[in-house]
Amino acid sequence: MLIAVRLQKEIMFGLFKKDPAKKLEKKYLELMEEAMMIQRSGDIKAYSAKVAEAEEVMVELEKLKEDKK
C-alpha cells in the first residue's frame, strides 16, 4: 500500500516536470531556422556561427539522451 501511494505521488508530480530534452530539441530547431534565414540573406560567416551554436545544442541533447539510458 505504501509503495502504491509513493508511486502515485511520483506520477502525479512528475506530470508537471518539463522534459529538458524537448526544450533542447526546440532550441536546436529554432537555431537551425535562424541559420537558414541568415543563409538566405547571404551572410555565410553568421550562418556558420549559428550552425555551430546549433551543433553544440545537439551535442548536449545527445549527451542527455545517453544519460537517460
Does any residue in region 41-69 that is more than 13 Å from Leu24 (Cβ to Cβ) come within less than 9 Å, Cβ to Cβ, of a residue that is among the aromatic types (Phe, Trp, Tyr) and open to solvent by 60 Å² or more (accessible area, probe 1.4 Å) six or more places away or on a different chain, and which pairs are these?
-> Ser41/Tyr47
Being modelled with pLDDT of 95 or more and open to solvent by 100 Å² or more (accessible area, probe 1.4 Å), is that true of even one residue in region 48-59?
-> yes
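The values are calculated or read from the model by the stated rules, or taken from the named source; none is laboratory data. Quantities reported herein were computed from a predicted structural model and do not represent experimental measurements. Because the Cβ atoms are built from the backbone with ideal geometry, glycine has one as well, and the counts that use them run over all protein chains shown. To get the accessible areas, we keep the full protein, side chains included, count just its heavy atoms, and leave off ligands, DNA and RNA. Shrake-Rupley method; radii C 1.70, N 1.55, O 1.52, S 1.80 Å.
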